[in-house]
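The values are calculated or read from the model by the stated rules, or taken from the named source; none is laboratory data. This one's a predicted model, so the numbers in the text were calculated from it and none came from an experiment. A quick note on method: Cβ atoms are made from the backbone with ideal geometry, for glycine too, and the neighbour counts reach across all protein chains shown. Accessible surface areas use protein heavy atoms only, side chains included; no ligands, DNA or RNA. Shrake-Rupley method; radii C 1.70, N 1.55, O 1.52, S 1.80 Å.
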Amino acid sequence: MAERAALEELVRLQGERVRGLKQQKAGAEQIEEEVAKLLKLKAQLGPDEGKHKFVLKTPKETLTGKYGEDSKLIYDLKDQGGELLSLRYDLTVPFARYLAMNKLTNIKRYHIAKVYRRDNPAMTRGRYREFYQCDFDIAGQFDPMIPDAECLKIICEILHSLQIGDFLVKVNDRRILDGMFAVCGVPDSKFRTICSSVDKLDKVSWEEVKNEMVGEKGLAPEVADHIGDYVQQHGGVSLVEQLLQDPKLSANKQALEGLGDLKLLFEYLTLFGIADKISFDLSLARGLDYYTGVIYEAVLLQTPAQAGEEPLGVGSVAAGGRYDGLVGMFDPKGRKVPCVGLSIGVERIFSIVEQRLEALEEKVRTTETQVLVASAQKKLLEERLKLVSELWDAGIKAELLYKKNPKLLNQLQYCEETGIPLVAIIGEQELKDGVIKLRSVARREEVDVRREDLVKEIKRRTSQPLCIC
């Protein structure tokens, strides 16, 4: 034991030496030489006996084993010490780690940040390798389905406020899926891989999914057919009640729990006034391994080509679900913190908005500026600077062109290109009369406003929320 302790101390000291050299930006050869010594000491140390101590480090992310077949999309890296690192795949796993590290058992938060996927990008569909996600999560021990219903309400509020078209939120439960697989005869070892196949049903036909299950994943054809009978069903609370009467499914404990919770969830969704936007869809699987209960995915719908046809999905823009076991995977003592959350694909939303604006031949507004301070003649820079300062002090988002004597036409064109709605024009006659000419860029109409009333008039005209549709 004493010999091992001495060796561990040498490893610690050598590790500090390597880190010090890196901080000092020493030469690459020197660092490599010291790293080699560190690895040699670690090799002499060998594997630790007994139970490993689970130490969480802020820069490292324990990502493997959380995403199922999607793990192949994680960007793996190695530092100079040989430690395996990864770029974050989502914001959920880092959040769970944060809860475990700080021993938090109750929190409600949102987070907007970049994530990375080693995927094939499709720019027109808003799919990138580096992109932003906006997450909202509720962590804590609460009564069933209340936080889950709130998450779905938030998704509906966001998509409704963005006015990007009609949408539908599909819901399911991983317990129902697991119970369904069990009663259909899927071996336990194939649950997750078959779940991943089912999750493709929004992109490919049932026959293609069945061929993958049978041909690539070795599932018996009759088992696949049995799964097909279930996963091609979708509806509302009536489908939940129908499945509760299914003798095989209701006999499975997991499925019964999931169906009971979904029935309660639909009661809350009705009270929130969003039940008509929710569809219980048995094909929704969400391939990530950390989900334990309710799962959901929001898709935009396009208008049917002919009357009587169902609306067609044009892509997922938000998703989430319940992950009660993820925090426990990071806690040294395995303490669990129930969590539920959602994730909005920011670039996906932007891509759809841009496509809509292009189709309507509308310009994308690229600034929050409310008014441009402009001049009609030369030698009025001082007056422009005075006025823009007055507007800034009053909380108005104003700007001016960084030129002494810009042409009025150039100033007006700048507003049209960037989407600035108003122009406050100063001229020699306006200065004499104590007024400012306020121009609506869209309507190309101008009115004289007394200088002391300008702030009030700008605020009145810009008080209405701007629509991005």
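Applying the selection to region 357-388, what residues are more than 25 Å from Gln163 (Cβ to Cβ) and of a type in the set (S, T, N, Q)? Before you say what the answer is, go through the steps one by one.
As a first pass, look at region 357-388 and keep what is more than 25 Å from Gln163 (Cβ to Cβ): 372-388.
Passing the criteria: Ser375, Gln377.
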Self-check item: Residues located in region 132-153, provided they are buried (at least 19 other Cβ atoms within 10 Å of the Cβ) and outside any loop (DSSP other than H, G, I, E, B)
Solution: Gln133, Asp135, Phe136, Asp137, Ile138, Ala139, Pro147, Asp148, Ala149, Cys151, Leu152
Quiz item: Can you tell me which residues in region 332-368 are open to solvent by 40 Å² or more (accessible area, probe 1.4 Å), in a loop (DSSP other than H, G, I, E, B) and among the hydrophobic types (A, V, I, L, M, F, W, C)?
Solution: Leu360, Val364
Quiz item: Are there any pairs, at least 6 apart or on different chains, whose C-beta atoms fall under 9 Å, with the first in region 389-402 and touching a residue at least 40 places away in the same chain (Cβ under 8 Å) and the second open to solvent by less than 80 Å² (accessible area, probe 1.4 Å) and part of a loop (DSSP other than H, G, I, E, B), and if so, which?
Solution: Glu390/Ile396; Leu391/Gln370; Ile396/Gln370; Ile396/Thr462
Quiz item: With region 182-295 as the region, which helices (runs of 4 or more DSSP H) entirely inside it contain at least 2 residues that are open to solvent by 30 Å² or more (accessible area, probe 1.4 Å), under 14 Å from Lys170 (Cα atoms) and of a type in the set (A, V, I, L, M, F, W, C)?
Solution: none
Quiz item: Can you find even one residue in region 360-368 that is in contact (Cβ under 8 Å) with a residue 60 or more places away in the chain and farther than 14 Å from Ile458 by Cβ?
Solution: yes
Quiz item: Considering only region 383-402, how many residues are in a loop (DSSP other than H, G, I, E, B) and surrounded by 12 or more Cβ atoms within 10 Å (Cβ to Cβ)?
Solution: 5
Practice problem: Sort out which residues of region 157-178 are in contact with a helix residue (DSSP H, G or I) (Cβ under 7 Å, 6 or more places away or on another chain), of a type outside the set (D, E, K, R), assigned to a helix (DSSP H, G or I) and open to solvent by 10 Å² or more (accessible area, probe 1.4 Å), and write them in order of number. | Solution: Leu162
Practice problem: Would you point out the residue of region 15-30, among those that are modelled with pLDDT of 80 or more and among the aliphatic types (A, V, I, L, M), that is surrounded by the fewest Cβ atoms within 10 Å (Cβ to Cβ)? | Solution: Ala26
Practice problem: Tell me which residues, restricted to region 163-187, are touching a strand residue (DSSP E or B) at 6+ places or on another chain (Cβ under 9 Å) and over 23 Å from Phe266 (Cβ atoms). | Solution: Ile164, Gly165
Quiz prompt | Matching residues in region 403-422 - criterion: being surrounded by 12 or more Cβ atoms within 10 Å (Cβ to Cβ), assigned to a helix (DSSP H, G or I) and of a type in the set (A, V, I, L, M, F, W, C) | solution = Leu408, Leu412, Cys415
